[in-house]
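As C-alpha cells, the structure follows; a few thoughts come after it.
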Amino acid sequence: MLLRVFISPQNIRKVQLPQRPDSVDNLKAELKSKLEIQEDFFIQYEDPDFGNELCNLTDISELPAERAVLKIVLDKDLSLTQQSDTQSVSSLDNASVSRSSSQSPSTIVQSYMRSTSQWPSPFPIPTFSYDVEFRLRKANEVYEQTNKALSVPREMKSHILEKVAEAIFAVKAYPLPEEIETVASALVLKHPCLTEPGMGKGFDGWKMSLKYKLGNYRSKLRSAGCHEVGINKKRGGDGEDQRKSLKKAKRGEVNFLPDHPTGQSDDTLEEERLILVEELKKRNKNETLISQKMNLTFSLRRQEVVEVGPMVSEMLERWPALFLSNEIGYEFKRITNVDLLDKFRLSLHQHTPQLLKLYRARQGAFGKEMEDLLNRLDQQTSNIVNHRKQTVLEGLPLFLREDPSALLKKCLDTSAIDRQTRGIKMGILAITEDDVASSELPTFQNFAIVLEEAIVLKDFPDLPSAVSYLFGLVFALNFEYPKELKYTFEVIEKVFMEMGTQCSARVQSLKTKLLL
C-alpha cells in the first residue's frame, strides 16, 4: 500500500507498506516505526467522497484501497487548537473541562489518560539517551559485519530497560507475557547487536529482564502515589490467588483506573459530581455541561467502581448521568478508546450473513429453539435487515451452547414489571404487545436493560441497540460477564468489538469459521 504522509509543511514523506493494515492502531504503529515518530498522534485522510477534504480516520475500512494521502496530527498540536477554540467560547462553569462546546466529549484528549486502544504491533521501541544510541549504532555496524553481539554494560542495560519499561507502561500497566515478548523481539529487531548468543530466540533474557524491570517500575509509581498500581499493593502472601485477584485491565480496558487530572482531588471532583446530580434534576438539562462534568469526573467514578464495586442502585443515585444512553457510549470510549455503537453495528452488519449460514448449517444440533428462530425469520416480510440482525443475536447463545434466556427474557406489555425482572442480575427484557392476534407473528414492541432486578434503560427500538448498551454498561460498571453467558460476551468483545486477540477455544473456533 502506497501512502503520502504530511507530517508538517516542510516534511512530506512517501511510505510504502507491504500490506494494508487491518486496524487504525496497526497503521499508527507502522507509521511510528517508519517515520520515527515518538509522540502520540491522530490520522486524517483525504476523503474522495467529499472532494478530498480531510477527515479523521476512525475505521481502517474508510481508507482508500491502494493509495492514500494522510496527515499526521500530533496530540500537542490538537491540544493547542482545542485551547485556542476554548478561549473563544465563554465557559459554562469555572470548573468545567476546557474544550469547545461543539466538540464531542469522546474526542477530548486528556493528559492523564492513555490514547491507544490495542497493543501495538510491532511495538515502537523508544529513543534512548544520545550516548546509548551512539554506542548501539556502532555496535549494530559491527554486528552486521561480524555477527558479534554487544557485551552490554550494566548501566547501559539499566537505561535501556528503564526507557522500554516507561514505553510499555504508557500503553498498558500489566501487559501479558506474550505482549512483553513482542517488546523484547522488537528491541532486538531494531538493535541486532543486542541479540543473545546461543540457543533460544535471541531475546529470552531481555524478555525476563523487562518483566522484572516493569515490576520495579510499577513499584516506583506505587510509591509516588500512582493510583492504577497503588490499588494492587501487596497485602500478605505472594501466592497465585493474589495474582489472579489483581485489579487491572483484563478485557481491553485502556484507561482502567486513571489518576485524577492535574489540580483535581477527591474533594474537588466530589463538588463537580454534586453539580452534575443537580443538573440531572432539571427539566431542561444542559447536555453539554453534563458531558463536561462526566468527562472531568471520570477518574473519581472509576475509583468508586473499581475499588468499592457499589450496587447498581447506589450508582443510579450517585451517578445518574452514567445511565443516559449517550453517556454510556462516551464512558465506553473513555475506558477503551473504542466507539461503542459504531463499532458494534458495523461488525454485526459484517458478520450477520456468515453467522446465519452457520446457524442454518447446524440448526439440527441446537434443537427446536434454533429451528423456530430461523423459521420465524423466514416468515418475516418487512424490515428484513433488522430481523436478520436480531436473529443473529438471539441465536448466538444457542450456537455457543449457552442459555439464551439468560440474555433475553420475553414478556407482555401488560405484565407486572417487578415480577418479570425478578432474579435477573444482568439481561434484556423484550416486551411484546398483549393484543396481537394469534395468527400474527409475535413482534417485540421495545427492549429494556435490566441490572440487579431493576430496569435501568428502556424503550430501545431494536435488540442490537439494547445489546450494545448492555455491553457498554458492563465496562462502565466493571461487571464480570455472567457465567452462563461468558462465551456470548466474549464473542462481542473479541469478535465484534475486536478488543484483544486471545480467545477461548470455543470462541476461537467461531472466529475461524467467520473468516472462512
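None of the figures in this text is laboratory data; all of them are computed from the coordinates on show. Quick caveat, the model's predicted, so the values are computed rather than measured. Reconstructed Cβ throughout: ideal geometry from the backbone, glycine too, with neighbour counts over all protein chains shown.
Just check the range 266-336 against the gyration tensor rule for me: Cα atoms, a ≥ b ≥ c as the square roots of the eigenvalues, rounded for a/c under 1.5, and otherwise prolate or oblate depending on whether a/b exceeds b/c. Rounded, since a/c falls under 1.5. Label-to-label distance, ARG4 versus LEU412, with points set 7 angstrom from Cα along the beta-carbon direction: 6.7 nm. Cross-link pairs exceeding 31 Å in C-alpha to C-alpha distance, out of LYS28/LYS163; LYS247/LYS425; LYS233/LYS458, comprise LYS233/LYS458. Under the criterion of Cα pairs below 8 Å and six or more residues apart, the relative contact order for the chain equals 10 percent.
Choose one of GLY252, ASN284, PRO320: the residue whose Cα lies farthest towards the positive end of the charge dipole of the chain (beta-carbon charges +1 Lys, Arg; -1 Asp, Glu; about the Cα centre). Toward the positive end, the furthest listed residue is GLY252. Shown here: Kirkwood radius over Cα pairs in Å, derived from the displayed model; of the candidates (1) 24.2; (2) 25.8; (3) 24.8, it corresponds to (2).
What is the dipole size for the range 266-336, taken about its Cα centre, with +1 at each Lys and Arg Cβ and -1 at each Asp and Glu Cβ, in debye to the nearest 20?
Roughly 380 debye for the range 266-336.
Kirkwood radius and radius of gyration were both taken over the C-alpha atoms of the range 130-234, and their ratio Rg/Rh is 1.02.
Our coupling estimate for the range 263-269, obtained by passing each phi through the Karplus curve with A = 6.51, B = -1.76, C = 1.60 and θ = phi - 60°, is x, 10, 9, 4, 5, 5, 6 Hz, Gly and Pro reported as x.
If you take the beta carbon distance between ILE275 and LEU246 as r and set R0 to 35 Å, what does 1/(1 + (r/R0)^6) give as a FRET efficiency, to the nearest 0.05? So, using R0 = 35 Å, E works out to roughly 0.55.
When peptides 61-68, 488-495 are ranked by their average number of other Cβ atoms within 10 Å per residue, the highest-first order is 488-495, 61-68. Helix 177-190 and the longest principal axis of the Cα set of the chain meet at an angle near 40°.
Beyond 30 Å in Cα-Cα separation lie the following of the pairs LYS357/LYS483; LYS250/LYS409; LYS172/LYS409: LYS172/LYS409.
Rounded to the nearest 20, the size of the Cβ-charge dipole of the range 130-234 about its Cα centre is 400 debye, with Lys and Arg at +1 and Asp and Glu at -1. Net charge of the neighbourhood of GLN19, taken over other residues with C-beta under 15 Å away and scored Lys/Arg +1, Asp/Glu -1, is 0. Taking amide H atoms as placed 1.01 Å from N in the peptide plane, the amide H of THR432 lies under 5 Å from those of CYS411, LEU412, ASP413, GLN445, each 5 or more residues away in sequence or on another chain. So what is the relative contact order of the range 340-514, in percent, for Cα pairs below 8 Å that sit 6 or more residues apart? Once normalised by length, the contact order is 21 percent.
Think of the chain as having a plus end and a minus end, set by charges on the Cβ of Lys, Arg, Asp and Glu; of GLY198, SER209, LEU356, GLY198 sits farthest toward the positive end of this dipole. Coupling constants for the range 353-368 follow from the phi torsions by the Karplus curve (6.51 cos²θ - 1.76 cosθ + 1.60, θ = phi - 60°), and in residue order they are x, 5, 5, 5, 4, 5, 4, 5, 5, 10, 5, x, 7, 10, x, 5 Hz; glycine and proline get x. Classify the range 340-514 from the C-alpha gyration tensor, please: rounded if a/c falls under 1.5, else prolate or oblate depending on whether a/b exceeds b/c. Taking the square roots of the gyration eigenvalues as a ≥ b ≥ c, the range 340-514 is oblate. Taking Cα atoms only, the orientation of helix 287-296 departs from the longest principal axis of the chain by about 50 degrees. The mean sequence distance of close C-alpha pairs (under 8 Å, at least 6 residues apart), as a share of the length of the range 130-234, puts its relative contact order at 30 percent.
Computed 3J(HN,Hα) for the range 163-169, one whole-Hz value per residue from the Karplus formula 6.51 cos²θ - 1.76 cosθ + 1.60 where θ = phi - 60°, is 5, 5, 4, 4, 5, 5, 5, glycine and proline marked x.
Arranged from fewest to most other beta-carbon atoms within 10 Å of their beta carbon, HIS260, HIS349 become HIS349, HIS260. Computed about the Cα centre, the dipole magnitude for the chain is approximately 1780 debye when only Lys and Arg (+1) and Asp and Glu (-1) carry charge, each at its Cβ.
Please work out how much length the chain gains when fully extended from GLU133 to ALA170, using 0.36 nm per residue of separation minus the C-alpha to C-alpha distance, in nm with one decimal. Going from the current span to full extension adds 11.2 nm.
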